[in-house]
Amino acid sequence: MPVDEVRQGMKGFGKTGFQGTTIEQFGVEVLGVLKNFAPKQDMILVRLSGGPLERTGVIAGMSGSPVFIDGKLLGAVAFAFPFAKEPIAGVQPIQQMLDILDQKPGNTPKVAQASSGILPAESPTAFVFGQLQRLAEGVPIQQLLLPQSLLSAGSFQSGTGTPSLMRIQTPLLVSGTSAAALQQFAPFFSAFGFTPVQAGGGGGAANLAPGSGSKLEPGSSVNVELIRGDISWSANGTVTYVDGNKVYAFGHPNLTAGPTDVPMSAGYVISLLPNVQNSFKLAVPLDVVGAFQQDRSTGIAGSLGATSKMIPVSVMLTTSMNTVNKYNFELAADRFLTPPLMNFVVFNAITASERALGEMTLSISGKIHLKNNEPVNIGNVFSSDMNGPVMASIAAVSPLQYLLASGYDGMVVEKVDLEITSIDRKTNAQLERIAVDKTEVRPGETINLTSYLRGTDGATVTERHPVQIPAGLPAGLIQLVVGDGTTVTGSELRRGPSSVPTDLKQVIHELNKLRKNDRLYIKILSFEPGAVIGGQEMPSLPPSMAALINTDRSSSRSVSGTANSTVREYELPQSKFVIQGQRSLSLTVKP
């Protein structure tokens with residue numbers, strides 16, 4: 001039914017599920033049409049009646065419930081007023097859903113193409129270092145993982161106490177999650193317009209209703225599965241319209257992801273939970289029946305029988321009690337959504353068996369497996385009594401976040417494997433002092449370096465390491481810098497901006513060189529100019545080349561000059577401490 005034919009006082013009915021997979025009818029009376037409610041879009045205001053609606057009001061999970069008048073499909077229940085005393089709803093006209101969600105044959109955008117946005121403006125090293133630094137400085141985690149446009153988008157917020165007609169919140173059924181993880185990620189749920197509800201995972205309804213059908217029709221409960229496996233995230237709504245194998249639902253966006261690729265599952269409503277602020281359906285997913293491929297401002301759409309390409313993730317956690325917990329998940333593959341989902345599963349795996357606060361040392365390692373490319377290694381250690389799980393989860397996610405945002409062609413994540421080891425005490429040590437057995441050296445000579453580490457108990461630990469002076473160094477002064485991975489990286493970035501990689505292979509190479517916190521790094525610096533080209537440092541350039549790179553007449557995105565240069569870097573063996581600090585001294589190279 002076109003909006004132009006809608007008149008105040010018209011009556012009809014809607015369809016939705018209040019229990020199990022049964023589709024029930026409820027009454028609908030048209031109150032009026034809100035013209036140009038959104039740019040070039042109208043909204044139909046209706047009063048609902050019947051069933052449990054008098055005591056529950058408009059229910060989260062009804063989004064997409066089809067409304068019929070005179071045997072014609074009017075649209076989908078999609079909006080409501082917060083704290084309303086009556087079940088008054090906004091109906092998204094069906095024509096607006098079809099106009100935006102329908103794709104012309106051969107013109108359906110692919111998720112991979114949509115993800116190839118702008119190329120990164122900073123190097124992988126600078127990005128990962130910056131994420132950890134901002135987190136340590138107290139920047140909220142959602143600001144590190146979500147785009148600013150999403151954080152500030154009013155359409156995603158679930159306003160409280162405001163009289164505005166707003167999209168109905170989407171129940172996000174979560175299972176296998178800790179209370180600490182739900183609390184930590186509350187801002188994410190709010191940003192996406194989700195109401196988190198602890199429930200059973202995928203297929204959990206099979207125990208409640210053996211043989212429940214998975215057929216979708218207008219009014220059927222339907223779930224968008226974002227995480228599947230030992231942890232489950234499933235957004236619940238209602239099917240509006242089925243045309244052959246095409247399914248239209250929700251009447252408002254799920255994530256406004258545009259082209260998407262997430263599993264579509266039939267839903268089973270266990271119960272309705274009336275709530276003064278927001279009543280909602282407790283609905284768990286049944287079998288996967290297809291995939292949602294469009295997520296736009298007027299609803300979501302997908303195809304029955306289609307399959308989604310999700311990212312398998314395995315996490316093996318060795319706890320402080322020396323027990324081993326293994327988790328396996330699948331995450332939705334999306335440029336913006338995958339990093340927060342990944343962060344959640346890592347943080348949740350840690351806090352499910354370990355404390356969220358208190359003394360703790362977390363070691364995290366693993367691999368991001370990429371199609372037709374070398375894997376990216378993940379590895380770092382954090383020791384803290386405040387935010388260890390958050391730091392560890394960001395360390396695991398930041399390389400993946402950079403890869404997904406890089407925009408380089410051919411970047412396909414096949415799977416992620418992680419191993420986490422937890423100790424319920426701090427293992428910090430401060431680098432107090434370094435000393436060498438001689439200050440005058442010759443090229444190619446080996447000297448002995450002694451480092452003095454002070455632990456949290458005040459005791460000093462001495463470590464000795466042989467250091468070879470590179471052959472071919474000219475006579476003059478050189479600098480010996482010794483420090484932990486974070487401090488050395490920070491000093492390097494302050495020395496001058498590192499260049500941005502020009503292709504995916506350079507991104508992988510640089511990510512695999514990220515320094516760790518549980519060992520010392522020795523850098524030998526010359527005072528001659530150098531350059532960073534495609535993420536690779538070129539030391540002690542000839543004067544003619546240095547002048548060419550540092551000229552005022554040219555500037556390159558992938559090339560940056562440095563006032564001094566790293567002649568050699570050594571990574572010392574892994575220490576039993578998480579080390580902090582940096583020390584340097586000067587040596588004289590004799591002819």
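Taken together, the values in this text are just the output of simple stated rules run on the coordinates, not laboratory data. No experiment lies behind these values; they were computed from the predicted model shown. Every residue, glycine as well, gets a Cβ built from its backbone with ideal geometry; the counts of neighbours run over all protein chains shown.
Close amide H partners of G193, meaning residues 5 or more places away or on another chain with modelled amide H under 5 Å apart, do not exist here.
Projecting the Cα atoms of T450, V482, T439 onto the charge dipole of the stretch 414-488, computed from C-beta unit charges around the Cα centre, puts T439 farthest toward the positive end.
Once the other residues with Cβ under 11 Å from the Cβ of K426 are scored (Lys, Arg +1; Asp, Glu -1), what is the net sum?
Net charge around K426: -3.
Amide H contacts of L514 (H built 1.01 Å from N, in plane; Pro and chain starts excluded): no residue 5 or more places away or on another chain comes under 5 Å.
Stretched out straight at 0.36 nm per residue, the stretch from S164 to Y570 would grow longer than its current Cα-Cα span by 140.1 nm. Amide hydrogen proximity for G299: with H placed 1.01 Å from N in the peptide plane, the residues at 5 or more positions away or on another chain lying under 5 Å are H252. Under 25 Å of direct C-alpha separation, and excluding same-chain neighbours fewer than eight residues apart, K415 reaches these lysines: K110, K309, K326, K367, K371, K505, K513, K516.
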